[in-house]
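Working notes, structure below.
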Amino acid sequence: MKTRIFLIFCSVGLVPIALGYGANPSATLDALFGITVDTTNLTHIMRAVMGLYFGMVVIWVWGAFKKQMTAPALLSCAVFMLGLAAGRVLSFILDGLPHWLLIVYAVLEIVLGLIAITLYRGRTT
């Protein structure tokens, strides 16, 4: 049950972030972070990121409700969260500190990635 709740929590949490990045990137990214999205190429990239995020949501919801998909969902959650966090930490080192919300995202990604690993290990031992 705790694994199901965790996967649903991660899924629900990712939806507004995905929409913020891709539904109307020129409005949301400017309002949140002062990022100007003024080219078709950048809009395209942000909408592709949104699609990737929604793809992860599908896997995690699937894993929450289909036992055979729980382990792959936890692994994909761990890789997704820790991969994002690794990129953010690299950026902190190379570029300096970004907007406070992006720092919060990094902390959450590390915590959620480690929880996903812990839950996965608990299922396989």
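Other residues within the sphere of radius under 15 Å centred on the Cβ of residue 26, judged by their own Cβ, net out at -1 (K and R +1, D and E -1). Axis angle, to the nearest 10 degrees, between helix 100-124 and the longest C-alpha principal axis of the chain: 20 degrees. Legend: calculated FRET efficiency, residue 41 to residue 102, from the Cβ-Cβ distance at R0 = 22 Å, rounded to 0.05, equals 0.50.
Taking a point 7 Å from the Cα of residue 75 along the Cα-to-Cβ direction, the residues of region 96-125 with backbone N closer than 20 Å to it are 112-125. For the chain, with the dipole built from +1 on Lys and Arg beta-carbon atoms and -1 on Asp and Glu ones, taken about the Cα centre, which of 9, 43, 81 lies farthest toward the positive end? My answer, from the dipole projection, is 9.
A Cβ-based charge dipole, computed about the Cα centre of the chain with Lys and Arg at +1 and Asp and Glu at -1, lands at about 760 debye. When the charge dipole of the chain is built from unit charges on Cβ atoms (+1 for Lys and Arg, -1 for Asp and Glu) and taken about the Cα centre, the candidate among 101, 24, 116 whose Cα reaches farthest toward its positive end is 116.
Computed over the alpha-carbon atoms, the chain gives an Rg to Rh ratio of 1.01, Rh here being the Kirkwood radius from the mean inverse distance. The separation of region 1-19 from region 31-85, counted between C-alpha centres, amounts to 11 Å.
The angle between the Cα long axis of helix 40-65 and the longest principal axis of the Cα atoms of the chain comes to about 20 degrees, rounded to the nearest 10.
Read-outs throughout are calculated quantities, based only on the coordinates presented, and are distinct from any laboratory measurement. Note that the structure is predicted; figures quoted are calculated from it, not measured. Don't worry about glycine lacking a Cβ; one is built from the backbone with ideal geometry, like all the others, and counts go over all protein chains shown.
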